[in-house]
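A short write-up of the structure that comes next.
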Amino acid sequence: MSEPRWKTFNYAVGMFGTSIPINMLKTYAAIYYVDTLGLTTLQFASILSIYTFIDAIDNPVYGFLSDRTRTRWGRRRPWLVLSTPLLVLSFIMFYSPPTAAAASFLFAYCMFFYIFTGTLDSVVNANYGALFPELFRTDAARAATNALRQAFQLVAMIISIALTPVVTSALGYQLTAILYGLLGGAVILYMALTSREVPMDEIQVKPQLWDSLKSLAKNRKFWIAGFANAFYSAAMALVLASMPFFVKYTLAIPDSQATILFASVLLIAIACVAVWSRLVRRFTLIPVWRAALIVLAAAFVPLFFANSLPTAAAGSALVGFGFAGVITTMDLIGAKIMDEDTRKYGVRREGIISNALGFMNRLNGLFTGAAFSLVFILFGFESGANPGPQPDNAARFLLTVFPMVLMVISFIFSFFIDFPETEPAPARLETA
């Protein structure tokens, strides 16, 4: 039986809202603070590394608190409603630094609001992700819903990534952040208020933090999927963060033309999500997931040799095809892990697992930080004021070499995990 149309839409559109602020943050933080305001690449790398370690502490706590929440509005909705306005405010503040700030103050300001925005995004996305396996119980419903929400994510990425150079040139970063923040926040709140959770009685078993952490620590599939996702996420985070540098220093074309390259990735991805979703239904999840990972890795090869806008757009389109495959399959892997945990332990703790997977995803901060450190060591790229003798090669390295290596590692991890394809999702648990 298919899911009601509005149930699928109301949930899937939330991905549009959650993607708008965080994609602008992750894509343009480096070019704004390093190239425009003068923060050094080493300072920015240290912010990414510090944020990753803070995320390691707060993510399991957020998931644990969400899973144990019992209110008449549900477990996830209170967290979504309360954290969304704070996320919007912090995001706007990040792109509104005081003018003519001292270098030390700029570093502290950037670090505080980057971390605060990132941790609020963790709260929102963990609760949003935890709703997915709760609301949609069959593989067919999950595949259809995930295809729609990934399409919404890609539309959001066109706005918050591809169109941002045009919007910021007209409005500036502060007004753009206000516009994106309010738009994203309104959609998140719509999703939270219209998606009806599975009722949880007060007497149903509540997960215990220590037991949950122990079960995750022993869950081999969680670690394998988590690291595979972390390497993939780092690769795409680098693509987004380094594309403006590639446009400016390697292709030597106007900054606004980064829109064309981002659009090449995202429009192709939108067109191909349905293709990958059909492949999942025909060939099962795991082999299609592996195929998507290796296709994305191979796509960086032609992009490495791009030396003009047309060749870079063609290479970016290939990246978009592989990217569509990974986003179509990765969330389904996470849902399978949550199902197995529920079957094995008899406790619903999608929030903890979703947040833990989210933390593994955010390990990409270590890898992206390492990449920015390497371009300083290898190419002498310090900042926009001192780009070093080879800024073109530094940008090419950031966009293609490092991401390709990360994707190959992700592909290797994928061969150490599998699921019985015939096992259904666990039914709703009875009260204890």
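The values are calculated or read from the model by the stated rules, or taken from the named source; none is laboratory data. Computed from a predicted model, the values in this text were never measured in an experiment. Ideal geometry is used to build each Cβ from the backbone, glycine not excepted, and the neighbour counts take in all protein chains shown.
Going through (1) under 23 Å from residue 249 (Cα atoms); (2) assigned to a helix (DSSP H, G or I); (3) touching a Ser or Thr at 6+ places or on another chain (Cβ under 7 Å) one by one, residue 383 falls short only on (2).
Annotation note: Cβ proximity below 9 Å between a residue of the range 267-296 that is under 21 Å from residue 420 (Cβ atoms) and a residue that is surrounded by fewer than 18 Cβ atoms within 10 Å (Cβ to Cβ) and among the acidic types (Asp, Glu) (sequence gap 6+ or interchain) occurs for 284/421; 285/421; 286/418; 286/421.
If you go through the range 296-319 and keep only what is closer than 13 Å to residue 396 by Cβ and within 21 Å of the chain's Cα centre (by Cα), you end up with just 300. Among the residues making up the range 116-133, those that are over 17 Å from residue 52 (Cβ atoms) and either among the hydrophobic types (A, V, I, L, M, F, W, C) or surrounded by fewer than 23 Cβ atoms within 10 Å (Cβ to Cβ) (or both) are 124, 130, 131, 132.
Any chance the range 330-343 includes a residue that's free of Cβ contacts under 8 Å to residues at least 40 places away in the same chain, on the phi < 0 side of the Ramachandran plot, assigned to a helix (DSSP H, G or I) and surrounded by fewer than 17 Cβ atoms within 10 Å (Cβ to Cβ)?
Checked against the condition, which is being free of Cβ contacts under 8 Å to residues at least 40 places away in the same chain, on the phi < 0 side of the Ramachandran plot, assigned to a helix (DSSP H, G or I) and surrounded by fewer than 17 Cβ atoms within 10 Å (Cβ to Cβ), the range 330-343 yields no hits at all.
Which residue is farthest from residue 24 (Cα to Cα), if the candidates are limited to the range 134-155 and must be surrounded by 21 or more Cβ atoms within 10 Å (Cβ to Cβ) and among the basic types (Lys, Arg)? The qualifying residue farthest from residue 24 (Cα to Cα) is 142. Residue 252 fulfils the conditions (1) buried (at least 23 other Cβ atoms within 10 Å of the Cβ); (2) under 30 Å from residue 389 (Cα atoms) except for a single criterion, (1). Taken over the range 221-274, the criterion of being among the β-branched types (Val, Ile, Thr), over 21 Å from the mean Cα position of the chain (by Cα) and farther than 17 Å from residue 315 by Cα is satisfied by no residue. The residues on offer are 48, 82, and the sole one that is assigned to a helix (DSSP H, G or I), of a type in the set (A, V, I, L, M), under 19 Å from residue 119 (Cα atoms) and free of Cβ contacts under 8 Å to residues at least 24 places away in the same chain is 82.
Is it the case that some residue within the range 188-199 is closer than 19 Å to residue 398 by Cα, at pLDDT below 90 and hydrophobic (A, V, I, L, M, F, W, C)? No, every residue in the range 188-199 fails to be closer than 19 Å to residue 398 by Cα, at pLDDT below 90 and hydrophobic (A, V, I, L, M, F, W, C). Are any residues in the range 278-295 under 19 Å from the mean Cα position of the chain (by Cα) and small (Gly, Ala, Ser), and if so, which ones? Selection gives 292 alone. The set of residues in the range 324-335 that are closer than 16 Å to residue 361 by Cβ and of a type outside the set (Val, Ile, Thr) comprises 330, 331, 332, 334, 335.
If only residues of the range 102-124 that are of a type outside the set (Ser, Thr, Tyr) and free of Cβ contacts under 8 Å to residues at least 12 places away in the same chain are counted, the one that is nearest to residue 59 (Cα to Cα) is 112.
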